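The values are calculated or read from the model by the stated rules, or taken from the named source; none is laboratory data. Keep in mind that this is a model prediction, so the values were computed, not measured. Every residue, glycine among them, receives a Cβ derived from its backbone with ideal geometry; neighbour counts consider all protein chains shown. All accessible areas refer to the heavy atoms of the entire protein, side chains included, with ligands and DNA or RNA removed. Shrake-Rupley method; radii C 1.70, N 1.55, O 1.52, S 1.80 Å.
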Amino acid sequence: MKLQTMASEGNNKAEEKLAEINELILKNEKYLEVEKKIIEFFNKNCKLYFNRFTEDVNYLIECRHKCAHLKVNDNTLYVPEDYQARMLICSMYDNILSVKAPFIMDLFSLVQDKVENYSQTIDDISENGLDDRIKNEITKNYLERMTYDSLKMSYKTFLKLLFITTDKDAERNAYGLFAFVYAMTDHIRKNGFERLFKEEDVRKKLLSISIENLENSSERKQSLIELILNFPILLDIIKEDVSLFEYISNEILLNPNGIKYYRLFYPRSNKTPYEFFKDNSIVQQPLYSMTLYDADGFMNFFKKHLQDLAIEDIDSVMSIYRRNGQCTGRSRHSTDYQEVSMYLEEYKVHDTSEDESN
């Protein structure tokens, strides 16, 4: 089936070999010879991939010969142990049956032109991650043809090119490299290969990212930001480098649009996102903010934090509110205004009662 798949997708060598195999079958050639031809083809044409488990293939053939011919040895028949059969079945499934042909071991060597093409078509990286069309294209054409080992090898290569190397071509093609790193990270996670992120050599690559490289390239910095926002498992690794973690968290949180990610970076902090907002004046600049993006959003936020504000501050905000047509012209104006007014009245009544009792 793997040979047929490669042939149907236009692989010339696979087409020739498939024709040869079909001819042997028509001539009633021994199945062992047909099997040998197929294995030889993949050993020769997919060497980087098949070298990973050639010993398993050869061992399987040996076991097959012993079982098929039923030779008696010391008055006993050869029967493989259960663990041997399970090992071989698992190896064949992981490395052959579950992987779409043609097999890929070194991804970058196959997709250099594609990386450049994506770099030219991707103008910017949105906070929603990678365009689904591009992600699905990469997954279907390449990632489904890879095993755990080949994914790990290629993932390290792409991390190095995207974040670590000083090669100018790699810097220029950062968005194309980002597309592959994003698609691979998503594929690894969805296929239950999370342990790959805990592999020491993968962790070392992520922890080798230098702040200087990020400072010198807005594309690299934005790539890392979008990866850790969409895949928190990468953020957990980045946290091990305190300087890198502080740098990237400040890049995100000290931007008004990034306040909503506060709990992602500091899930156990006693400080609330609002307290962080109050403590950092740079976040309070009048920019479009995803948490305070319109009058409705502002009032929801404002009402939630009335108890955190001094009465003088609430009065000051409401004075501005009453002069702003965007606020007073809303359908929710009466309800919101009444809630704040009731809070102020209750506070003043409570405050007066305390004064009288004293």
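Give, as residue ranges, the helices (runs of 4 or more DSSP H) completely inside the stretch 298-358 that count at least 2 residues that are β-branched (Val, Ile, Thr), at pLDDT below 85 and over 18 Å from TYR274 (Cα atoms). Spell out how you get there, then give the answer.
Numbers: elements: 311-322, 325-328, 333-357.
Hits in the stretch 298-358: 333-357.
Which condition does PHE178 not pass, out of (1) at negative phi; (2) open to solvent by 20 Å² or more (accessible area, probe 1.4 Å); (3) not basic (Lys, Arg), if it passes all the others? Unmet for PHE178, out of (1) at negative phi; (2) open to solvent by 20 Å² or more (accessible area, probe 1.4 Å); (3) not basic (Lys, Arg): (2).
Given the condition more than 21 Å from TYR142 (Cα to Cα) and modelled with pLDDT of 75 or more, answer yes or no: does some residue in the stretch 6-14 qualify?
Let us first name the residues in the stretch 6-14 that are more than 21 Å from TYR142 (Cα to Cα), namely none.
No, that holds for no residue.
When residues of the stretch 211-251 are filtered for being over 17 Å from THR166 (Cβ atoms) and touching a residue at least 40 places away in the same chain (Cβ under 8 Å), how many remain?
Adding up the residues that qualify gives 9.
Of the residues PHE103, PHE158, the single one that is modelled with pLDDT of 85 or more and either of a type in the set (Lys, Arg) or surrounded by 14 or more Cβ atoms within 10 Å (Cβ to Cβ) (or both) is PHE158.
Let's see how each residue does on (1) open to solvent by 10 Å² or more (accessible area, probe 1.4 Å); (2) within 27 Å of ASN280 (Cβ to Cβ); (3) β-branched (Val, Ile, Thr):
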residue: ILE164; (1), (2), (3): yes, no, yes
residue: HIS187; (1), (2), (3): yes, no, no
residue: LYS198; (1), (2), (3): yes, no, no
residue: VAL202; (1), (2), (3): no, no, yes
residue: SER208; (1), (2), (3): yes, no, no
residue: ILE211; (1), (2), (3): yes, yes, yes
residue: TYR247; (1), (2), (3): yes, yes, no
